[in-house]
1. What residues have an amide H closer than 5 Å to that of Y4, excluding those fewer than 5 places away on the same chain, when H is modeled at 1.01 Å from N in the peptide plane?
2. What is the set of long-range amide H partners of V39 at a cut-off below 5 Å, with H atoms built 1.01 Å from backbone N?
Amino acid sequence: MLAYSLVGYDGSASSQRAFRFAIALARACGGRVRVVTAVKLIEGAADTCALVMADSGARRAGELLAELRDIEPEAESLFDVEVMPGSPGDVLLEEVRQHRIDHIVIGHTERGALARWLLGSVSSDVLARSHVPVTVVR
């Protein structure tokens with residue numbers, strides 16, 4: 001059974017655990033992992049935003065690849081990375097549509113009720129809107 005898992009990654013301890021979980025799953029079933037970091041765009045002229053995103057996105061993708069290699073040194077052949085502009089929930093769900101993702105793996109960060117109400121929860125948003133299975137790793 002081949003599975004293509006998507007990991008939402010923000011560098012937090014819970015997203016690192018989600019990445020490890022997805023790599024273990026890929027090893028067990030001969031699958032692959034797509035690791036995506038969402039970057040919110042700054043306001044400004046469209047051309048300026050595009051240039052900033054292209055430069056910082058490429059740099060961040062390189063940093064992300066190095067960070068993930070450190071976490072799972074033997075797993076580089078099992079994953080690819082992408083830095084995408086947008087809100088995390090929207091980015092992850094769009095990745096599912098564009099890349100035929102079978103499964104989403106995301107970390108869960110504990111927040112108080114006020115923070116969840118003000119900022120929302122990526123895991124809750126993805127769980128509510130996803131059409132593929134979602135694993136939330138604590």
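1. R32, D102, H103
2. M84, G86
Here, each number is a calculation from the coordinates, and none is a lab measurement. None of these values were measured; they are calculated from a predicted model.
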